1. Applying the selection to segment 43-61, what residues are within 20 Å of Pro108 (Cβ to Cβ) and of a type outside the set (Phe, Trp, Tyr)?
2. What number of residues in segment 84-141 are under 26 Å from Gly72 (Cα atoms) and not in a strand (DSSP E or B)?
3. I'd like the full set of residues that are part of a helix (DSSP H, G or I) and over 20 Å from Met297 (Cβ atoms), limited to segment 220-267.
4. Given (1) in contact (Cβ under 8 Å) with a residue 60 or more places away in the chain; (2) touching a strand residue (DSSP E or B) at 6+ places or on another chain (Cβ under 7 Å); (3) under 21 Å from Ala148 (Cα atoms), where does Leu222 come up short, assuming only one miss?
Amino acid sequence: MRILTIMVILMGLGWSGYWIAGRLALARGIEAGVAQARSEGWEVAWEDLSIAGFPNRFDSSVTALSARAPEGWGLDAPRLDVLALSYRPNRVIAVPGLPLTLATPVGPLRVAGEDLRASATLTLATPRRPSRAQAEGTALRLETAAGAATVTRAVAAMREAEGQVPHAYDLALTVTDLGVEGLDPRLPGLFDLVRLDGTARFDRPLAEHPALIALTLRAAELAWDGTRLNLTGEIEIGPSGTPEGALTLALEGWEALLPLLTELGLPQGQAMLLAGGLSEMAQDGRAELPLTLSQGMLRFGAIPLAPLPRLPAPYSP
């Protein structure tokens, strides 16, 4: 019995030592990370930082956090908790206090709501990078100077894609009941579903400010009031940053789209051509449009639909 008691005491002391060493290493890692960020032009400040959770957790909490990147991105949050199990420190959960404000190059975005959290699994190799991550929010309200949006629930996820292709990530997004305020009143005010499922390939690791070089869309779905759009296909970003590729747009309830497109500026003649083509292709109320992205335009056959944005050009060593 005495030997068992001694063993339990020694194990407890050993685990306590491990937790204390881990806490010190975490504190040094935070200090080093902040110092490096500041040397790269970041502005980082907070009111209070604490690390707790003994014996089975490493819970870092910071209050009145303010962070600004040189590119104009930033975060202001009343609180940020980063939680991890002491025996799985590479799996972290981040829970920000709400409301928070995201700074962007085009203006601030205020986020309020019931709940917002994110989780990530980091690689064990250094430098550590996320092998998978997920963020989810409930009853959110997003506000900008241009308008506002409400979301019943949103889930976004990312993971390293399987296979030998470097810097490729599977992406997924599901948003239910997206309400939009302050935009063109001719546009729908409530979307029942927004869904994305695809794979993005970049020219460099995520930590090195990469540019997108290819995008595979397995689904890019938008549904509202009996109308459903779903976009699939492959896109590549050329050396000049121009998207090129072929897509298929599946339409259900497409008849309601034509008056909307005309109101938004599609010439009447092109709208009639589009209606005729859709009528011929439709089966059981569903039509599929082959679209091409070329020479800076999105086209349906010979009909130009919209100009394409020019994206950051991929890195060329």
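1. Result: Glu43, Val44, Ala45.
2. Selection size over segment 84-141: 8.
3. Trp254, Glu255, Ala256, Leu258, Pro259, Leu260, Glu263
4. Leu222 satisfies all of (1) in contact (Cβ under 8 Å) with a residue 60 or more places away in the chain; (2) touching a strand residue (DSSP E or B) at 6+ places or on another chain (Cβ under 7 Å); (3) under 21 Å from Ala148 (Cα atoms) except (1).
All of the numbers you see were taken from the coordinates with simple rules; none came from a lab. What you are looking at is a predicted structure, and each value in this text was computed from that prediction instead of being measured. No Cβ is skipped: glycine too gets one built from the backbone with ideal geometry, and neighbour counts run over all protein chains shown.
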